[in-house]
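Where a number appears in this text, it was derived from the coordinates with a stated rule and is not lab data. None of these values were measured; they are calculated from a predicted model. No Cβ is skipped: glycine too gets one built from the backbone with ideal geometry, and neighbour counts run over all protein chains shown.
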Amino acid sequence: MAEMDLGDLRADNPLKIDNPALIPAARYHDEDFYRLECERVWPHVWQMACRLEQIPNVGDWIEYSNVGKSVIVVRTKDGVKAHQNHCRHRGVPIAGGAGNAEGQHAHGNCAKSGFICPFHGWRWNMEGECTFVYGRHLFDEEVLQKDELALRPVRVETWGGCAFINHDADAPSLRDSLGPVLDRLEARGMSKLRSQWWFATVLPANWKVAMEAFMEGYHVMKTHPQLQHAQPSLYNARYGHETGGIGATINPNLSVRDNVEEALASMELLGAGMAGLVQPKEIAIARDLADAPLPDDPQLAMMTWYGLVCQAITDRLRAAGEDVPDLPRVMQEHPVEAVEFLFPHYFLLTYFTSMSSYRIRPLGPESCLFELWSLTHYPEGQEPEVPREPVMLPFDSPDFPMIPRQDYANIPIQQKGLHSQGLDVVRLSQDREGLISNYQRLIDGYIAGVSGERLAAANRKLGGNFDGPILDLGLD
Ligand code: FES
Ligand SMILES: [Fe+2]
């Protein structure tokens, strides 16, 4: 996208961020700002369109739609392709077409029949070539040029077990846009993970409110108090007054054995509350090591214990036929943050060998579709059936795991609060809530029409920034 005159920026984007720690509240509900995002951000970014296991066979397709643009992602003989989902005759979507408002995820297989437009019956094959025009003689040949009738291609890249699409032919590649975070996640076996389950809900909140609820751990003490009660030393070290940093996760008042118990209790709570992030198979292996011989020094003891747990999980899951990563090695060589974000709307929570992944799409200025996948490894041939559509639940459904349900409790009420008279800005911790500011200012960069290369350079700085500081993104 071309550089714009930055002198016009103020008039263009009246809600531009001036102080990186103060975010204008109207950015979360203003209709003009939402329109700017739809026109200047979404058409230029890499969007996670589907998981590849949803389209395992040649001809399998799925519709991905967001902010009014619908795309067909299809597996062809030559790999995954994407097409604009509109008929070249008079524009009707040729597949699905209901959009995502109700959580629709149209899918099917086009190997035999191709795509058939529901209006007048023109047809296309999976490559996007038009194969049939009903009543061809009724048209002037000039309007039926072969190239013109082909479905418009959309850029697609596959990575990490997912297909990503981008509507901008000139945008830097997925790798150039996201940078080393991709390597770190791949080292964790990202592309080998399979869906265990897939849930979705509609949240009455701006999509950024929903994203930002997961960008810091500072809310754990109040929103998920059970986690802090299970392992107070971790959270006090990270957010309280005590110094010591993230390594100081032991309680000096407890014996080594009680520290191990605290860690196990925390793992079990996370396993129950996040349903899938820490799997029962992993907790059982850790439990078996509760009495492992450990050094007397509590700090050293806990480091040793975590090392033993990681090694045992690797060994035992591999022995059971799972292609899991070498956890002790990747934790040293490719440390990932507890949550890793892929701008703009996809993020992953990591613990041992499994992950939770979340995708958020706006449905309007104050509504969004929020999807959660639990991802884990399976021995070959024992993978469960792939969910082709999410289970739609109300956001306050007791069927959601406890921890996202606790997050969902805050999101709609925050959205209401953002309308309050006198709330001009939300204020951020420069040390712990920096990712929120970094994200928001990258959005401003897109709105301002900054060059793709500079946007990608700024985007690459976002990786590993969960709970992190406000950064200079080089956009001003
Ligand atoms: S609009 Fe598709 S065939 Fe006419
Ligand atoms: Fe949370």
Worksheet item: Is one or more of the residues making up segment 319-334 within 26 Å of residue 219 (Cβ to Cβ) and under 19 Å from the mean Cα position of the chain (by Cα)?
Response: no
Worksheet item: Which ranges mark the strands (runs of 3 or more DSSP E) fully within segment 75-180 that have 2 or more residues being within 26 Å of the chain's Cα centre (by Cα) and within 16 Å of ligand 1 (Cβ to nearest atom)?
Response: 79-84
Worksheet item: Of the residues that sit in segment 448-470 and are charged (D, E, K, R) and in contact with a Leu (Cβ under 8 Å, 6 or more places away or on another chain), which one is farthest from residue 175 (Cα to Cα)?
Response: 467
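Please specify each residue of segment 367-391 satisfying the condition of being of a type in the set (D, E, K, R) and closer than 30 Å to residue 409 by Cα.
Passing the criteria: 371, 388, 389.
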Worksheet item: residue 213: closer than 30 Å to residue 367 by Cβ and either surrounded by 14 or more Cβ atoms within 10 Å (Cβ to Cβ) or touching a helix residue (DSSP H, G or I) at 6+ places or on another chain (Cβ under 9 Å) (or both), yes or no?
Response: yes
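Please note which helices (runs of 4 or more DSSP H) are completely contained in segment 192-281 and include at least 1 residues that are under 30 Å from residue 27 (Cα atoms) and among the β-branched types (Val, Ile, Thr).
207-212, 220-223
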Worksheet entry | Positions within segment 204-223 being within 11 Å of ligand 2 (Cβ to nearest atom) and among the polar types (S, T, N, Q), in sequence order | 223
Response to the item:
Note on segment 414-433: residues free of Cβ contacts under 8 Å to residues at least 40 places away in the same chain and part of a helix (DSSP H, G or I) are 416, 417
Worksheet item: Only one of these conditions is not met by residue 20: (1) part of a loop (DSSP other than H, G, I, E, B); (2) crowded, with 22+ Cβ neighbours inside 10 Å. Which number is it?
Response: (2)
